[in-house]
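Report on the structure given below.
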Amino acid sequence: FFQAEDGIRDIGVTGVQTCALPISLLIGNSHADAIKETFANASVLSGYKPFLLQENLNLSLLNFNSFEKSVSTLKPDIVFFHSRSGTYDLPSMNSALIFLNAKGIKVVLIQSTPEFNESIPELALKRQTLNFQDSSIWNGLFSEENDRLVSLVAQNKGLFVQVRDLYCPDSDSNCYISDAKTRHLYYFDSNHLTRTGAKILKERIRAAFNH
């Protein structure tokens, strides 16, 4: 990774010609950091040069001016947001969406991924056949925020990318936590995706570039 000014990190894939390519920017907290490799690969395959705006950034009134300056400096063509459920500052998100829309920058918000009330690796050690786990804690605590984000994104002509069905295809509560064939876990704690878990998002992210 290469450090750029204003806390922007180039997460492009080395060996790929990136001169004059359109720019994609990922913004979010540690959940965005967990998917940055998948985001970078999807960006490159879609013909974009990917960047990450600081690790572990949640937009708020305290850092909004920095966000505006970074976007004005980098001049991205498309901005992706992804953060943990329950951590969005909705007024700041609304301001950010208005700001990006006014500049003609495409906006995509990737839905927060499921989380659990226990560490998935610890559960896997206890139950060797574990393939899915109840995530009702996630649904109960964060469904209202999810609905408000859907509305905010729609109001500002952005795209909200649903991902719940990728992890919980049969039920809103029972969500898969490992690959059925390899048994590789999708989480390295109770809520952060592993590389295996993040790769599930790749095609949804690629499709978002064409919205």
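For segment 73-121, max minus min Cα coordinate along each principal axis, in Å, sorted largest first?
Result for segment 73-121: principal-axis Cα extents of 42, 21, 17 Å.
So how far, in whole Å, is the C-alpha centre of segment 81-113 from the one of segment 148-211?
So the separation of the two Cα centres works out to 17 Å.
Can you give the accessible area of residue 122 in Å² (nearest 10), computed on protein heavy atoms with a 1.4 Å probe?
In the full protein context, residue 122 sits at about 110 Å².
With every protein chain present, what is the per residue accessible area of segment 153-211 (1.4 Å probe, Å²)?
Ligands and nucleic acids excluded, the figure is 55 Å² per residue.
Pop out the carbon and sulfur fraction of the accessible area of segment 60-132 as a percent, whole number, probe 1.4 Å.
Carbon and sulfur atoms account for 53 percent of the accessible area of segment 60-132.
Within segment 56-134, how many lysine pairs that are 8 or more places apart, or on different chains, have C-alpha atoms less than 18 Å apart?
4
The values are calculated or read from the model by the stated rules, or taken from the named source; none is laboratory data. Everything quoted here is computed from the prediction, not taken from an experiment. Only protein heavy atoms, including side chains, enter the accessible area calculation; ligands, DNA and RNA are left aside. Shrake-Rupley method; radii C 1.70, N 1.55, O 1.52, S 1.80 Å.
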